[in-house]
Amino acid sequence: MKSAFLQTTLEDLEKKDLRRRLRTVEGPQGPRIRIDGREYLNFCSNNYLGLADDPRLIEAAVESLKSEGFGSGASRLVCGNLSAHERLEEECARFKGTEDCLVFTSGYMANVGIISGLFERGDVIFSDRLNHASIIDGSQLSGAEFKRYPHADIHKLEEMLPEAAVAGFKKKVIITDSVFSMDGDIAPLDKIVELARRYDSLVMIDEAHAFGVLGEHGKGAAELFGLAKEIDIQMGTFSKAAGGFGAYCCGSKELIDVLVNKARSFVYTTAIPPSVAAASLRGLQIIEQEPERRRQLWDNTHFLLNGLKAAGFETLNTQTPIIPVVVKEARTAVEFSRRLLERGVFVSAIRPPTVPVHTARLRVTVMATHTRQDLQEALGQLQHIGKDLCLI
Ligand SMILES: *Cc1c(COP(=O)(O)O)cnc(C)c1O
């Protein structure tokens, strides 16, 4: 039986409580979503500002569809470089305060293409242990030496950098998520940039969960720390707070020029449809024009986080709308999530290998469009089931 391995793979996952299954969501992403005909409170979306079904994004997409069609026809370097892409890139560079910007199909493809396009054998990458999978994959593809440092551990990083100097690597880069997608904490970018300066290293950040969320104007952690000009490679996505799809890399003109030539996930793939770029642009504009959405997001975040902490849940060191409720074992996380679903609250269980073993959790994410009542309902259910499971 040449495909018996499929069966054993699934059985193996099942035994470890690590088998994942897809759920079918009907209708748009919002604070409430419909699954199998029933409505649930949604506490696991990255649609932080509630823009994914905003009528203005829909209208931007529809207008573009009517005038520019659906498919983009080719890769950007062939004949798929459309004005919709360039408008998005110009606006994104202006917003981020960088010289230039390049749009990628997704955050995953951006990280894979940026890292493997810029770094190679003979270079060294310092990567936070909790960085997103796409950073790890891009690093491995690059062929550069891959050195992971313990999560946000500046002292350990400071020990590793001089060792690398002795080893004589050609280029050095420190890569970090600016907001960690499963823990919700913020990377110490000020200290990282300071170390990078001292040891002549480049810095790359992934702002997937920071874009639209952090900083006075929602430009991300680079703005929060006042480091927009100091961080060499600033990647982020339109797929989360912006309510759209696709990703950006912001930086110098030279950086973007090199990526156009070297990032294989940019070169060898069809350009995103113009309607997608148009909707993402509209999302970016709303981030800029409606700071009240961000204020509401933070109000909601503080309310829920304070409630969960007061109830006695382990929420790690989160500083953002990503609130981990750590339950340790995968089985407990699955059971917690299942019971919440029964009671009308959708929070997904996060298990290894997405997070380290024995740190399985519920990952609760807050949206600006949750009402106080939504938050109270979720908090109440989390407490009720948390007590039942002897977690608090
Ligand atoms: C979601 C995410 C990505 C991937 O972005 P997509 O646009 O969904 O492909 C990359 N990095 C981090 C930190 C993320 O959370």
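What follows is calculated from the coordinates using simple rules that are stated; it is not laboratory data. This structure is a prediction, so every number in the text was calculated from the model and none was measured. Glycine gets a Cβ as well: all are built from the backbone with ideal geometry, and neighbour counts include every protein chain shown.
Remarks
- Selected residue [touching a helix residue (DSSP H, G or I) at 6+ places or on another chain (Cβ under 8 Å) and not β-branched (V, I, T)] from R363, R343, R331: R343
- The strands (runs of 3 or more DSSP E) falling completely within segment 170-252 that include 3 or more residues that are of a type outside the set (A, V, I, L, M, F, W, C) and within 19 Å of V112 (Cβ to Cβ) map to 233-237.
- Check on K229, among the basic types (K, R) and surrounded by fewer than 24 Cβ atoms within 10 Å (Cβ to Cβ): yes
- When segment 290-317 is filtered for residues that are in a loop (DSSP other than H, G, I, E, B) and in contact with a helix residue (DSSP H, G or I) (Cβ under 7 Å, 6 or more places away or on another chain), the ones remaining, listed by number, are F313, T315.
- The set of residues in segment 370-392 that are on the phi < 0 side of the Ramachandran plot, part of a loop (DSSP other than H, G, I, E, B) and either of a type in the set (F, W, Y) or surrounded by fewer than 24 Cβ atoms within 10 Å (Cβ to Cβ) (or both) comprises T371, L389, L391, I392.
- Long-range neighbours under 8 Å by Cβ, at least six apart or interchain, first residue in contact (Cβ under 8 Å) with a residue 12 or more places away in the chain and over 26 Å from A144 (Cα atoms) within segment 174-187, second assigned to a strand (DSSP E or B) and aromatic (F, W, Y): none
- You will find that of L65, L141, L77, L88, the residue that is over 28 Å from H217 (Cα atoms), aliphatic (A, V, I, L, M), away from the ligand (no atom under 12 Å from the Cβ) and within 23 Å of the chain's Cα centre (by Cα) is L141 and no other.
- Candidates I256, I272, I287 - the one that is part of a loop (DSSP other than H, G, I, E, B) and either away from the ligand (no atom under 14 Å from the Cβ) or not hydroxyl-bearing (S, T, Y) (or both): I272
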